[in-house]
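Working notes for the structure below.
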């Protein structure tokens with residue numbers, strides 16, 4: 001595990017939906033409960049570790065978490081735990097008029113998912129401030145599309161269920 005991560009919302013959702021009775025379990029990617037269990041295990045390890053969570057100082061990443069998860073969901077409780085143990089690094093992220101994270105010009109056309117721009121901007125800010133920026137993700141294969149461009153900016157990616165996400169990404173490219 002790295003020293004700090006920007007954690008994509010899909011990680012918190014998948015880990016919170018391990019229980020098939022969870023109200024959001026039907027809408028989760030990946031659908032396979034064993035894969036969601038792997039995401040839960042990663043997030044549990046992250047929670048117990050000294051690894052730091054990177055959030056934007058404007059609170060927009062946490063706001064996104066809150067739109068998808070409730071206070072009692074495991075993913076939110078991990079964030080609360082990181083706050084309560086002073087294991088959160090708030091980094092400055094600038095936002096445009098649409099509320100999207102502002103990225104360097106070469107990355108703007110690459111990161112086509114506006115919601116993920118704040119995650120990338122936070123990882124860039126973490127790299128500038130701490131010498132490292134890594135985004136952990138689970139069910140969103142778009143990150144693989146952006147991998148090479150992000151690497152040029154020293155933003156690393158950690159696909160938590162890598163074999164699954166790479167397979168889904170390859171399938172997407174064949175369509």
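The values are calculated or read from the model by the stated rules, or taken from the named source; none is laboratory data. All values derive from a computational prediction rather than experimental measurement. Positions of Cβ are backbone-derived with ideal geometry, glycine not excepted, and every protein chain shown enters the neighbour counts.
Report yes if residue 91 is surrounded by 18 or more Cβ atoms within 10 Å (Cβ to Cβ) and either farther than 17 Å from residue 61 by Cα or at pLDDT 95 or above (or both), otherwise no. Show your work before the answer.
Numbers: surrounded by 18 or more Cβ atoms within 10 Å (Cβ to Cβ): yes; either farther than 17 Å from residue 61 by Cα or at pLDDT 95 or above (or both): yes.
Yes; evaluated as a whole, the condition is true for this residue.
What helices (runs of 4 or more DSSP H) completely inside the stretch 49-154 contain at least 1 residues that are farther than 28 Å from residue 36 by Cα? Talk me through it step by step, then tell me what you get.
Values: elements: 60-68, 74-84, 114-130, 142-152.
By residue number, 114-130, 142-152.
Have a look at 121, 125 and point out the one that is closer than 12 Å to residue 6 by Cβ, surrounded by fewer than 23 Cβ atoms within 10 Å (Cβ to Cβ) and in contact with a strand residue (DSSP E or B) (Cβ under 6 Å, 6 or more places away or on another chain).
Details: 121 fails: surrounded by fewer than 23 Cβ atoms within 10 Å (Cβ to Cβ).
Within the list 121, 125, the selection yields 125.
Being closer than 23 Å to residue 146 by Cβ, surrounded by fewer than 17 Cβ atoms within 10 Å (Cβ to Cβ) and within 14 Å of the chain's Cα centre (by Cα) narrows it down to one of 96, 113, 8, 56, so name that one. Show your work before the answer.
Working: 96 fails: within 14 Å of the chain's Cα centre (by Cα); 8 fails: surrounded by fewer than 17 Cβ atoms within 10 Å (Cβ to Cβ); 56 fails: surrounded by fewer than 17 Cβ atoms within 10 Å (Cβ to Cβ).
Criteria check complete, one pass: 113.
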Quickly run through the stretch 155-170 and pick out the residues that are surrounded by 18 or more Cβ atoms within 10 Å (Cβ to Cβ) and outside any helix (DSSP H, G or I).
155, 157, 158, 159, 160, 161
Can you name the condition, by its number, that residue 21 falls short on among (1) surrounded by fewer than 22 Cβ atoms within 10 Å (Cβ to Cβ); (2) at pLDDT 95 or above; (3) out of contact with any strand residue (DSSP E or B) (no Cβ under 8 Å at 6 or more places or on another chain)?
(2)
